[in-house]
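Down below is the structure, laid out as C-alpha cells.
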C-alpha cells in the first residue's frame, strides 16, 4: 500500500491542533498539506519539522503574482523542504515558479486549474463561459508547457487530463469525500475509489479525517479504498 497517495490536509486553527492530529494519525499518515490557515501562525516551521522527521509536505500556497515575484517566492520556499507547491495555472506564474524551483530535486510545482468549490455557475459569475473541463485542460496545457510537474484538479476532470497528457502530469485531487460524508463547501466531489479510477495520482483529504473521532481509522479506511481501486 502506497501511503503517500493520501495527502492529509491540516486545515486547523493552530499548529498545536495540527500536531495533535498528526500524533493521533500516527503511521497511517506520511504526507501532509499545509495551507493558508496554518501558514502565518507557525505553518512554515511545522513544514520544516515534518520534513526533518521524514514526512512528505504539500505546501498549498497557491502563489499568484507577476512571474518575477513568484520566482523569488518559490526560491525562498525551496529551503522549507517541501515536496509539492501550488501556484495558479497561468503561463507567467508557472514559468516563474519553475524558474524559482531551479534544479531542486525534491520540490514539484503543481498548477491549480479550477477549484473544486466552483461549478459552471460560479465561473459564469466571473465572466467565464468556457465549460469547466475545457478550462481545466487549457490550464493543464499551460502547466505542461511551462515544465511544471502536475496539476491540482477535480477527479471529474482527471480522466480527460490523463487522456490528453498521459503520465506527463501528476494529478492531485482535492474535493474527496467517502460515501456518506458531508460535502461542506465543495461542489465537484467524488469518492476516493472514483478518483483513483479516474486517474488521480494523489488524493487530498481534510475534514473526513481530521474531524473524525478516530483520525487514524479514517485515514486507514481511505487508504484501503485507494488500494482496492487501483487498476
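None of the figures in this text is laboratory data; all of them are computed from the coordinates on show. Just so it is clear, the model here is predicted, and its values are computed rather than measured. For neighbour counting, all protein chains shown are included, and Cβ atoms are generated from backbone atoms with ideal geometry for every residue, glycine included.
Put simply, the range 116-231 fits an ellipsoid with semi-axes of 25, 18, 11 Å; these come from the alpha carbon gyration tensor as the roots of five times its eigenvalues, largest first. Think of it as helices only: each DSSP H run of n ≥ 4 in the chain is worth -39500 (n - 2.57), and spread over all residues that comes to -13000 deg cm²/dmol at 222 nm. Across 38, 118, 94, mean-square fluctuation computed from a Gaussian network of the chain (C-alpha pairs under 10 Å connected) peaks at 118. Under a Gaussian network description of the chain, with springs only between Cα atoms under 10 Å, the residue in 148, 140, 28 that fluctuates furthest is 28. Each 10 Å bin from zero holds the following percent of Cα-Cα pairs in the chain: 8, 33, 39, 18, 1.
Comparing mean-square fluctuations of 176, 66, 34 from a GNM of the chain with C-alpha springs under 10 Å, the top value falls on 66. Considering only the range 1-145, what is the antiparallel percent among its DSSP beta bridges, to the nearest 5? Antiparallel: roughly 0 percent of the beta bridges in the range 1-145.
What's the whole-number percent of alpha carbon pairs in the range 34-153 lying beyond 18 angstrom?
For the range 34-153, the fraction of Cα-Cα distances above 18 Å is 52 percent.
Dividing the mean sequence gap of close Cα pairs (under 8 Å, 6+ apart) by how many residues the chain holds gives a relative contact order of 20 percent. The peptide list 105-114, 75-84, 200-209, put in order of mean Cβ contacts within 10 Å with the highest first, becomes 200-209, 105-114, 75-84.
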